[in-house]
Amino acid sequence: MLLIPCPWCGPRDEAEFHYGGQAHVAYPENPAALSDEEWARYLFFRDNPKGRFAERWNHTAGCRRWFNAVRNTATNEIEAGEVTA
Amino acid sequence: MAERLSPLARFTPVSADDLRIAEIPFLTQINLRVDPKSRAAADIGVALGAPLPTEPGTCTSADADVLWMGPDEWLVVGARGHDLEATIRAAAGTAHVGITDVSAQRTVVAVDGPRSRDLLAHGCALDLHPRVFGPGRCAQTMLARAQVVLAAREDDGFRVFVRSSFAGYLADWLLDAAAEYLPEGTVTSR
Amino acid sequence: MTSRRMTGWQGETVRFRFDGRDYEGVRGDTLASALLANGVRTVAASPALGRPRGIYAAWTEEPNALVQVAAEPMLQATTVELRDGLDAHGLSGRGRLTDETDTARYDAVHAHCDVLVVGAGPAGLAAATVAAETGARVIIADDRPIAGGSLPDTAETVGGVAGAEWAAATLDALDGRPDIRVLRRTSVFGYYDDNYLVAVERRGEHAHSRERVWRIRARRVVLATGAHERPIAFAGNDRPGVMLAGSARAYANRHGVLPGDRAVVFTTNDSAYAAARDLAAAGVEIAAIVDTRATPSRGGDGVEILTGHVVTAVGGDDGVSSVTVSPSDGGAGREIEADLLLVSGGWSPLVHLFSQSGGDLRHDDGIGSFVPASARQAVEVAGAARGVFTLAGCLEDGAAAGARAAEAAGFRVEGTFEVPRTPDEDPAAPAEHLWLVPGADYSTHFVDLQRDVTVADVMRATGAGLRSVEHVKRYTTAGTAHDQGKLSGVLTSAVVGHALGLPLGDLGTTTFRAPYVPVGFATLAGRHRGALHDPVRTTSLHEWHVAYGAPFENVGQWKRPWYYPRAGEDMETAVLRECGAVRESVGAMDASTLGKIDVQGPDAAEFLDRIYTNMMSTLKVGAIRYGVMCRPDGMVFDDGTVIRLADDRFLVTTTTGNAAAVLDWMEEWLQTEWPGLRVYCTSVTEHWATVALAGPGSRDVLAGLAPGLAVDAASFPFMTWRDTEVAGLAARVCRISFSGELAYEINVNAWDGLALWEAVMGTGVVTPYGTETMHVLRAEKGYPIVGQDTDGTVTPADLGMDWVVSKKKPDFIGKRSFARADTSRPDRKHLVGLLPADPGRLLPEGAHLVETSTLPEPPVPTLGHVTSSYRSAVLGSTFALALVSGGRDRMGEVLYVPLGGEQVPVTVTSHILYDPEGARRDG
């Protein structure tokens, strides 16, 4: 049971959160201008690194805020100072 | 007109010396969304008798209890029949705020007595030690398998705000766990 | 049978049964010590080979003596506390699951502390005492009924008193202090991320709950879990009467039981000498000490010591009757008469929890086993668990670990901990690390007693080319029994090393996983059993539905009334009657479970335009519009109605199952993509109770209940709403329909829900209907249910709802995907209707559709599947909705549903089977 540091509520049990996948995948400015391949890349392709990974979390059972955190996927450690509201 | 019916109207309260569980029905509850730095937030604080609490997980009590729910969200709780919505709306004026009457969305279960922390610890993963979660603290979290808003009061008292549809489940769960602290046979086993 | 209890041993008598015979033990016994006291040597049979097995150890590491106690299968006799009336049976490896319900209660508690100490032996007690003095919140958990770890086994003294006495007093002194929690009979069995540890407390049959799971979040952890004595693999090492030397010592000192009359001791190290000494003092004749080392480190107190010798054979079929010892370098053996063979291969630190925490292990050549190296979490290891094997050393090490842990948690250590006085110990001579006595035939050199795995089996694995201990474990099953290889794990690695000529340190261990000790599923379930297994969500009308005998349909966690059977009615009859009432007269349904979200703010209309596929900004205040929302991939995610309350305020309804998901979805876009939009969303699902009133008679019923409301079609048109009073209650009435009939949804404060419902029913003309009728009525009209007729691969166009996708809006979620080639493929699955050739034939939901009247050879190409299927009164036939490849181009085609060898013919029709022109919605 990870202890995930919600930037608002402080550390809470993993069970209070929903995972939001890779962070910093922005909705394209103008989807209509994208090729099918570019659009498919936005829809379906995500990184899957072993090690540091910036990802999104939502504190669903708490303040319902989304935030980003950098987690090491090999050790599950969430880097202090790398949690942003 | 027919009687109003609260979600736990059929719940038999627990009233032991060191543990008491009872519903506080029909409180007025307003969900408030507003930018905490805005003029409207300050004006609403004045109207409610205390500034909106901006420290996460805290609660203020003046004309109404104001519970921090998120960085721009509060639950304002007043007595039955208290027209808080009008008060807040008047204070907010034409500013961009979200004011929603949610009085029937959740009911409130009071858990009181020296055993209250022990009881809640059976289903709540938060550290409820008085030094960590003393009077004036509140949190949205899980109690058993229900989402709740938990508020700590003086004298080992807690207020558990639970969605009305989950209230029956949570009351059953509380009774089941409370049996750990009550003489055998006090609580009817289901 | 003669008692093997030491004379003068005091204790209250406890009566128990084993394998159908009555015995007596004393309070404080385990089942194993009581059996040994009664001379019972064979407790169980081995699972694969059926060999007799005795008691091999004295606590959780026991691999042999498995018993069944009542409904509980596979308990170790060494961990079962003796109690009056205990009725146990020996097992051959596998227990018997009962089909009776376990009526015991189980509990769970969350706990938090600054310092968690695991183990109340000398190191753990010292650590907890030091940490407690600093003011830190301390939990100390120990798995034994009495404190002291190995102290009651070794009878060493601490501070001038018996070690067990010192331990009990020290733990008692901690118990009851504020912010200190002492958990006895509590095994910490799992060590997870972020210092989250899980323990099981065995509270006993008398307690309110039999067992309790502790979920502990600790800032720092001190592991003082001790060490296990190692076995040695030699021929016949599984015979009843073969026992770990330290365990035999424990039976004598802890329980006053002599596990045999005449013993041979087989050792690689000094610790067995102390065991021999204690056993001799208790009355066991020590025939000889067989030491693998060339020179003994100490005298045998008059006992013959055979240096440089090993055990090469064990005589006796049902138990040890003799032991053959031979020089290590070969040469003639000698047979010694004995009924007990005590084995010590040295001691291995208990690194299980440390390893579970993510810590690295290293092989310690001095100890001959693995010890903690670098930690990944906030954990200290103290005492024998990290290879400190002297009593004084453990006390000092524990005190230091306790101080480090408290300081790391932010507490100040003031003063010094005075380590209690302990007797002088001779420095131990170097041990030899022998795991395996070489032999010609390894078929009775057991590695894992509980799995009947021998050295021969391991060599078969390495002979087959396996080199990893993880692979050997799976190939041989060594270490996979319910003792989780406590004794066999490292032994297996060592034997693999022997076979491959590799040092043990290079091979490492298999992965240590939770649970450290077996934990029952019921225990883990805790209070989440029976009615509390999962939350049951109910509406404010629930008790009425119960009183009227409605069975309930589970929709997510909600209980929704399914239908209301009258006397003598089955489901089919009741549903046909309810459907008839709505189509011909008037019915009412509890629609409170629909999700409701209040959307407010100056940009609310713009926001909804982006979230829904259709236009919401053009909706007039007072009006209602049906909407569909898609994921960015263009697939339908949810649908519902949107009502405009004001220029800057909407009320959105969602499907019952998706209420939370839709709110989360809206918040996600508002917070992460469109923070500039001034919109607030608030769930009001349970603030409102909703009663759907449907059927040609609904207008008259509403008029009667709401005298102030103009209900004629012109004053109150379809897809509009009015605030009014219904039955004297403040209400919002929406004219919407999910059945095609004239219909209204009446919303009141949930506290008033039952009053409204009773007023509706009080008119005497309204038939209550449940979800099944609702499903039939909507399906006759071809209204899809998201999640039933869709599955995340269905676009609005697939549902025949092109009209709900705006062509005007520059963008909305999903729009770009409608321009992908895939979403315009002609062979996409379309929602269609199906009419079986036999109007009485009800197709099962999920059934597949094929093109041909005879089933071709597999693989059979499927055209799609049935998503909804019902009997319809108005159609006079069964019917179904289905997703069919190119379905809209197949109207009138006959397809086939393969059902149990039969090809059931069906005709493809429009998904709108009833009232396609929409003539009924105005009544």
Exercise. If we keep just the residues of segment C:601-611 that are open to solvent by less than 10 Å² (accessible area, probe 1.4 Å) and touching a residue at least 60 places away in the same chain (Cβ under 8 Å), which is nearest to B:V102 (Cα to Cα)?
Worked result: C:G601
Problem set entry | Residue selected from segment C:803-840 under the condition charged (D, E, K, R) and not in a loop (DSSP other than H, G, I, E, B), by the criterion farthest from the other protein chains (Cβ to nearest Cβ) | C:K829
For this session: Go through (1) within 14 Å of another protein chain (Cβ to nearest Cβ); (2) surrounded by fewer than 22 Cβ atoms within 10 Å (Cβ to Cβ); (3) without any contact (Cβ under 8 Å) to a residue 60 or more places away in the chain and name the single condition C:M761 misses.
Result: (3)
Problem set entry | Sole residue being in a loop (DSSP other than H, G, I, E, B), without any contact (Cβ under 8 Å) to a residue 40 or more places away in the chain, away from every other protein chain (no Cβ under 14 Å) and of a type outside the set (S, T, Y), chosen from C:A431, C:A461, C:A478 | C:A478
For this session: Select from segment B:3-41 the residues that are surrounded by 15 or more Cβ atoms within 10 Å (Cβ to Cβ) and free of Cβ contacts under 8 Å to residues at least 24 places away in the same chain and write down the one among them that is farthest from the other protein chains (Cβ to nearest Cβ).
Result: B:A41
For this session: Collect the residues in segment A:6-23 that are more than 10 Å from chain C (Cβ to nearest Cβ) and either out of contact with any strand residue (DSSP E or B) (no Cβ under 6 Å at 6 or more places or on another chain) or not in a loop (DSSP other than H, G, I, E, B) (or both), keeping them in residue-number order.
Result: A:C6, A:W8, A:C9, A:G10, A:R12, A:A15, A:E16, A:Y19, A:G21, A:Q22
Exercise. Any chance segment C:738-753 includes a residue that's within 14 Å of chain B (Cβ to nearest Cβ), β-branched (V, I, T) and within 48 Å of the chain's Cα centre (by Cα)?
Worked result: yes
Exercise. In segment C:664-685, how many residues are touching a Lys or Arg at 6+ places or on another chain (Cβ under 8 Å), more than 29 Å from C:C579 (Cβ to Cβ) and within 14 Å of chain B (Cβ to nearest Cβ)?
Worked result: 7
Exercise. So which residues in segment C:534-556 are outside any loop (DSSP other than H, G, I, E, B) and not small (G, A, S), if there are any at all?
Worked result: C:R537, C:H542, C:E543, C:W544, C:H545, C:V546, C:F552, C:E553, C:N554, C:V555
Exercise. Can you name the residue in segment B:96-132 that is part of a loop (DSSP other than H, G, I, E, B) and more than 10 Å from chain C (Cβ to nearest Cβ) and is also least open to solvent (accessible area, probe 1.4 Å) among such residues?
Worked result: B:G113
Problem set entry | Candidate set: segment C:714-749, residues that are open to solvent by 40 Å² or more (accessible area, probe 1.4 Å) and either part of a strand (DSSP E or B) or of a type in the set (A, V, I, L, M, F, W, C) (or both); chosen: the one farthest from C:V874 (Cα to Cα) | C:A730
For this session: Select from segment B:11-54 the residues that are within 20 Å of the chain's Cα centre (by Cα) and among the charged types (D, E, K, R) and write down the one among them that is nearest to B:A104 (Cα to Cα).
Result: B:E23
Problem set entry | Pick from segment B:140-190, criterion β-branched (V, I, T) and in contact (Cβ under 8 Å) with a residue 40 or more places away in the chain, ranking: farthest from the other protein chains (Cβ to nearest Cβ) | B:V160
Exercise. Is segment C:556-578 home to any residue that is within 12 Å of chain B (Cβ to nearest Cβ), of a type in the set (G, A, S) and open to solvent by 50 Å² or more (accessible area, probe 1.4 Å)?
Worked result: yes
For this session: Can you confirm whether segment C:516-538 contains a residue that is open to solvent by 40 Å² or more (accessible area, probe 1.4 Å) and among the aromatic types (F, W, Y)?
Result: yes
Exercise. Any residue at all in segment C:783-792 that is within 14 Å of chain A (Cβ to nearest Cβ) and of a type outside the set (K, R)?
Worked result: yes
For this session: Could you tell me which of the residues C:L855, C:L913, C:L843 is aliphatic (A, V, I, L, M), part of a loop (DSSP other than H, G, I, E, B), open to solvent by 10 Å² or more (accessible area, probe 1.4 Å) and at pLDDT 95 or above?
Result: C:L913
Exercise. When you go through (1) within 11 Å of chain C (Cβ to nearest Cβ); (2) aromatic (F, W, Y); (3) surrounded by 19 or more Cβ atoms within 10 Å (Cβ to Cβ) one by one for A:W57, which number turns out not to apply?
Worked result: (1)
Seminar exercise, completed: Quick count over segment C:685-713, residues being under 25 Å from C:M761 (Cβ atoms) and assigned to a loop (DSSP other than H, G, I, E, B), is 13
For this session: Restricting attention to helices (runs of 4 or more DSSP H) lying wholly within segment C:78-187, give those where 3 or more residues are touching a strand residue (DSSP E or B) at 6+ places or on another chain (Cβ under 7 Å) and crowded, with 18+ Cβ neighbours inside 10 Å.
Result: C:122-133, C:163-174
Exercise. Hey, any hits in segment C:775-798 for a residue that's open to solvent by 10 Å² or more (accessible area, probe 1.4 Å), in contact (Cβ under 8 Å) with a residue 24 or more places away in the chain and at positive phi?
Worked result: yes
Problem set entry | Residue check, B:R106 touching a residue at least 12 places away in the same chain (Cβ under 8 Å), under 18 Å from B:P56 (Cα atoms) and basic (K, R) | no
Exercise. Counting only residues that are among the charged types (D, E, K, R), more than 14 Å from chain A (Cβ to nearest Cβ) and part of a loop (DSSP other than H, G, I, E, B), which one in segment C:337-367 is nearest to C:S322 (Cα to Cα)?
Worked result: C:D339
For this session: Would you check if B:A86 is within 14 Å of chain C (Cβ to nearest Cβ), assigned to a helix (DSSP H, G or I) and aliphatic (A, V, I, L, M)?
Result: no
Problem set entry | From C:R239, C:R249, C:R217, residue being part of a strand (DSSP E or B), open to solvent by 10 Å² or more (accessible area, probe 1.4 Å) and in contact with a strand residue (DSSP E or B) (Cβ under 9 Å, 6 or more places away or on another chain) | C:R217
Exercise. Would you pick out the residues in segment B:57-87 that are under 12 Å from B:A151 (Cα atoms), small (G, A, S) and buried (at least 18 other Cβ atoms within 10 Å of the Cβ)?
Worked result: B:G57
Exercise. Restricting attention to segment A:64-85, does a residue exist that is assigned to a loop (DSSP other than H, G, I, E, B), within 15 Å of C:T672 (Cα to Cα) and open to solvent by 50 Å² or more (accessible area, probe 1.4 Å)?
Worked result: yes
For this session: Select from segment A:24-36 the residues that are over 17 Å from C:L670 (Cα atoms) and within 10 Å of another protein chain (Cβ to nearest Cβ) and list them in ascending order.
Result: A:N30, A:P31, A:A32, A:A33, A:L34, A:D36
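The values are calculated or read from the model by the stated rules, or taken from the named source; none is laboratory data. Please read all numbers here as calculations on a predicted model, not as lab measurements. Reconstructed Cβ throughout: ideal geometry from the backbone, glycine too, with neighbour counts over all protein chains shown. With ligands, DNA and RNA removed, areas are computed over all heavy atoms of the protein, side chains included. Shrake-Rupley method; radii C 1.70, N 1.55, O 1.52, S 1.80 Å.
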